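Novice: For reference, the structure I am asking about is given below.
Each reported figure results from applying straightforward, stated rules to the coordinates on display, with no laboratory input. Predicted, not measured: the structure shown is a model, and the values here were computed from it. In this analysis, Cβ positions are derived from the backbone assuming ideal geometry, glycine residues included, and neighbour counts consider all displayed protein chains.
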Amino acid sequence: MKRKIKAMFGRADATTGSALARRIRRLSALERSEEARAFLDAYHDAAGHGRALRQRRWAEVRRDLRKRGHYDHNPEELAFGARLAWRNTGRCIGRLPWESLEVADCREIAGPDVIAARMSDHLREADSGGGIRSLISVFAPVKGTDLPGWIESSQIVRYACHHLSDGTIIGDRQNAEATRLARSMGWQPDDERGAFDLLPYFVRDSNDRRVMIEPPRDHIREIDIEHPVRSGLSTLGLRWYAVPLVSDMILTIGGIDYPCAPFNGFYMCTEIASRNFADVQRYNLLPQIARALAIDTTTPFWRDESLTELNRAVLHSFQKAKATIVDHHRASEQFMTFHQREQARGRRVAADWRWIVPPQAAAACEVFHLKMRNFHPVPNFYRDRGMDGLRLMPWYGDRYRRRPAIWADRVTRRWKIWKRMAW
Ligand code: ARG
């Protein structure tokens, strides 16, 4: 009864079944402490700390975990944890510079207005001349059953999707639902027929109330897409934003979850050209591109040709605007370097082949021929405990283990995944 009343009037917490409570991982006290221990070991190894310091810190953390089911990372641990989370993200091809991730400690910030203010600053800092910096803002963590505010939208900068009365759909189809929601909350687009209207994003406060925030236009750089030689493309009026700021992934470090930890990197040209513009469920532009560039659509390769030209245009336009971008061939080379470096340090790389291999010229990229496995190590990022969050757990495979210990690890992993499944 008490719980029900709390659910109706009080703060949302992990027991009331809010949208966030359904997404965050459920760990037993033992699992949490195992992750904390593994993380602190990794941190102290990297920092080269001696035994006395390690033992003191672990005693502290263990006591906090036992008492409150929570412990606070110090700023160095937080920064290291966030970088490690990036290094462990199996779906990212651009992890070579993982150590250079800049971490903004925003754990004191709560409440939609201040989160929004920080997001404008984040966008400004990420793209303030001299190339795009990889940056993460880490807001308050989940503490026991206490849930902080969080961002509901998948990215801070996105384009709206308009349904016209004659049945045409304009804009980014992926955001049809978000656009409907924004309109229902009173948002009006500048232009009912705009294909690149900036969409507001949504923050949930700690009471689970939804707040709509206008995107900070002054800090959003958009780039007009033009082809270096073929002028036909400019007639389509394509554009894209410079900084992808991903805001719906939960950062998990040493058993502590940070549900609001938006981060940005910079684009690889295929993300925009081969997917956002070309996917049928996104902008579906290939037929228009072919027409604009007078590509012969009677050959079966008209799509390939359009895709290549579109990639050329996106790369060229970003480079011309001095917005950092990488093409997929270079990204693939850089991933190979990352892979070699990690192995030289005695670490296996967690990687998801379906995501690492670019959607363009796949087998011409070296990563296509690389054997990969994603063993979902922590720290990491995840979206939902029922999907990717389920598999996350410490990885001990880099250490020498005897065969029975390897088998025991394998059984434990299976068991944990099974135990966490939503039946
Ligand atoms: N693929 C997403 C998009 O097209 C962005 C994901 C993050 N990408 C990145 N390069 N960090 O908007």
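Novice: Give, as residue ranges, the helices (runs of 4 or more DSSP H) completely inside region 235-353 that count at least 1 residues that are among the acidic types (D, E) and buried (at least 21 other Cβ atoms within 10 Å of the Cβ). Talk me through it step by step, then tell me what you get.
Specialist: Details: elements: 286-292, 302-320, 328-344.
So the answer is 302-320.
Novice: Could I ask something else about it? Please find, within region 354-391, the residue that is farthest from M421 (Cα to Cα) out of those that are assigned to a loop (DSSP other than H, G, I, E, B) and aliphatic (A, V, I, L, M).
Specialist: A361
Novice: Just the residues that are under 30 Å from R22 (Cβ atoms), out of contact with any Asp or Glu (no Cβ under 8 Å at 6 or more places or on another chain) and not hydroxyl-bearing (S, T, Y), please, taken from region 127-139.
Specialist: F139
Novice: Starting from region 376-399, keep only residues that are of a type in the set (V, I, T), then list their pairs with residues that are assigned to a loop (DSSP other than H, G, I, E, B) whose Cβ atoms are within a distance under 9 Å, requiring at least 6 positions of separation or different chains.
Specialist: These pairs meet every condition: V378/N88; V378/G254; V378/G255; V378/L392; V378/M393; V378/P394; V378/W395.
Residues checked against (1) over 30 Å from F202 (Cα atoms); (2) β-branched (V, I, T); (3) away from the ligand (no atom under 16 Å from the Cβ):
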| site | (1), (2), (3) |
| --- | --- |
| R63 | yes, no, yes |
| R95 | no, no, no |
| E99 | yes, no, yes |
| D105 | no, no, yes |
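Novice: Hey, another quick one. Quickly run through region 154-175 and pick out the residues that are within 16 Å of the ligand (Cβ to nearest atom) and either surrounded by fewer than 19 Cβ atoms within 10 Å (Cβ to Cβ) or not small (G, A, S) (or both).
Specialist: Of region 154-175, the ones within 16 Å of the ligand (Cβ to nearest atom) are 154-161, 171-175.
S154, Q155, I156, V157, R158, Y159, C161, D172, R173, Q174, N175, listed by residue number.
Novice: For region 209-222, which positions are surrounded by 19 or more Cβ atoms within 10 Å (Cβ to Cβ) and not in a strand (DSSP E or B)?
Specialist: Once the filter is applied, which keeps residues that are surrounded by 19 or more Cβ atoms within 10 Å (Cβ to Cβ) and not in a strand (DSSP E or B), region 209-222 yields P215, H219.
Novice: Within region 135-153, count every residue that is under 15 Å from the mean Cα position of the chain (by Cα) and either surrounded by fewer than 20 Cβ atoms within 10 Å (Cβ to Cβ) or among the charged types (D, E, K, R) (or both).
Specialist: Total satisfying the criteria: 1.
Novice: Pairs, please: C-beta under 9 Å, at least 6 apart or cross-chain, first residue within 30 Å of R26 (Cα to Cα) and more than 16 Å from the ligand (Cβ to nearest atom) and in region 232-252, second among the hydrophobic types (A, V, I, L, M, F, W, C) and assigned to a loop (DSSP other than H, G, I, E, B)?
Specialist: From region 232-252, the pairs are T252/I24; T252/V378; T252/L392.
Novice: Tell me, yes or no, whether region 183-194 has at least one residue that is touching a helix residue (DSSP H, G or I) at 6+ places or on another chain (Cβ under 7 Å), part of a loop (DSSP other than H, G, I, E, B) and of a type outside the set (S, T, Y).
Specialist: Within region 183-194, none of the residues are touching a helix residue (DSSP H, G or I) at 6+ places or on another chain (Cβ under 7 Å), part of a loop (DSSP other than H, G, I, E, B) and of a type outside the set (S, T, Y).
Novice: Can you tell me which residues in region 253-281 are in contact with an Asp or Glu (Cβ under 6 Å, 6 or more places away or on another chain) and within 15 Å of the ligand (Cβ to nearest atom)?
Specialist: Scanning region 253-281 gives a single hit, C269.
Novice: Suppose we keep only residues that are in contact with a Pro (Cβ under 7 Å, 6 or more places away or on another chain) and surrounded by fewer than 21 Cβ atoms within 10 Å (Cβ to Cβ) within region 108-133. Which one would you say is farthest from R66 (Cα to Cα)?
Specialist: The residue in question is S120.
Novice: Quick one: which of I151, I136, I115 is within 16 Å of the ligand (Cβ to nearest atom), within 23 Å of L78 (Cβ to Cβ) and out of contact with any Ser or Thr (no Cβ under 8 Å at 6 or more places or on another chain)?
Specialist: Answer to the check: I136.
Novice: Between residues in region 256-275 that are β-branched (V, I, T) and residues that are near the ligand (Cβ under 10 Å from one of its atoms) and part of a strand (DSSP E or B), which pairs lie under 6 Å by C-beta distance while being six or more apart or on different chains?
Specialist: Going by the 6 Å Cβ cut-off, the qualifying pairs are I272/W240.
Novice: Still on this structure: Has region 223-231 got at least one residue that is closer than 30 Å to R312 by Cα and part of a helix (DSSP H, G or I)?
Specialist: yes
Novice: Just to be sure I understand, how many residues within region 176-199 are crowded, with 16+ Cβ neighbours inside 10 Å and of a type in the set (S, T, N, Q)?
Specialist: So the count comes out to 1.
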